[in-house]
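The values are calculated or read from the model by the stated rules, or taken from the named source; none is laboratory data. Quantities reported herein were computed from a predicted structural model and do not represent experimental measurements. FYI the Cβ positions are ideal-geometry reconstructions off the backbone, even for glycines, and counts take in every protein chain you see. Remember, those area values only see protein heavy atoms, side chains included, never the ligands or the DNA or RNA. Shrake-Rupley method; radii C 1.70, N 1.55, O 1.52, S 1.80 Å.
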Amino acid sequence: MAKCSVVVLVLLVAGALGQTPAELRDTVPGEFPSVVVIKTPTSRQYCLGTVLNAYHVLTAAPCVLTSDNMRIFPPRLVRVIGGDLAIMPVGLHRQTRTVEHIFVHENYRPHTNENSFAVIRLAEPFHLPSNAIEEVQIQTRILPDGHPCDVVRWFRPAGTGEPTTVPRQQAFNVNIQNRDICISRRPWELTIREDLLCMELSIDDFDTIEGDLMFCDGRLAALLSFRWTSTRNNVQTGFIAATQPRFHIHWIDQQLNRTQPMPEGWNPVEF
């Protein structure tokens, strides 16, 4: 009887940790109200950020850096768009803001994706409370293996057959995996750090970029850092590593009251 109980328990755990097939969907108003779009001059991608408070937005470092990761964009050339799920038509609740300051984590390292955070200070605050924008809640709890979450991205259609060609906000579901799984599938490079979450994708026919946001239980749990494909027994599997802001709360809070701009000429590639 005891042996049967152990077998049943193992099967239940294995089922709970199994990867649910990812389904891509368009988001709906009010689903992720803290998510905003960050528009830079090069438009290499529509990057996402999340509202910390009326004056500040959290995003990934590459979202505010030039394509070579060597220079921060001049703040006056960066726009932050909130309260809308598509570029066109302009929604009634859209709020567009220019940027006053950009603070990139001083220890950001592009070659390892370490400390990939930036805080944007707006020249004019978002009008809050709002029916379309709200401040984010950061996940501060340890999330168990198998926990279901959602990754939010900004989709730019590149092919035909899409119901609309307008860039829009989308999301897909993921389950958290044990970091050891990611480490075992990336043995050539020890980049799966303690502050990272590991996710496995059962499908990889849609793109993600560094800075896409992951929400668990309605709270911001991580920002996507990098993605790779592993082949084992002739089977290809996609993996994503995402950085948890809960490990960097102190740095994020410091930027909210920061008075000094980034050092002139600061270049993360030089370190």
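Structural remarks
- The charge dipole of segment 70-136, taken about the Cα centre with unit charges on the Cβ atoms of Lys, Arg (+1) and Asp, Glu (-1), comes to about 280 debye, rounded to the nearest 20.
- Shape class for segment 20-168: rounded, because the ratio a/c of the largest to smallest gyration tensor axis (alpha-carbon atoms, square roots of eigenvalues) is under 1.5.
- Sorted peptide list for 93-102, 206-215, 120-129, criterion being average Cβ within 10 angstrom, highest first: 206-215, 93-102, 120-129
- Karplus-derived 3J(HN,Hα), 6.51/-1.76/1.60, for each residue of segment 118-126, Hz, glycine and proline x: 8, 10, 9, 9, 7, 6, 9, x, 5
- With the whole protein complex present, Leu201 retains an accessible surface near 10 Å², based on a 1.4 Å probe.
- Under 5 Å, built H, 5+ apart or other chain: amide partners of Arg168: Phe155
- Average Cα contact separation per residue, segment 35-143, under 8 Å, 6 or more apart, as relative contact order %: 29 percent
- Rounded, prolate or oblate (a/c below 1.5 giving rounded, otherwise prolate when a/b exceeds b/c) for segment 90-150 by Cα gyration tensor: oblate
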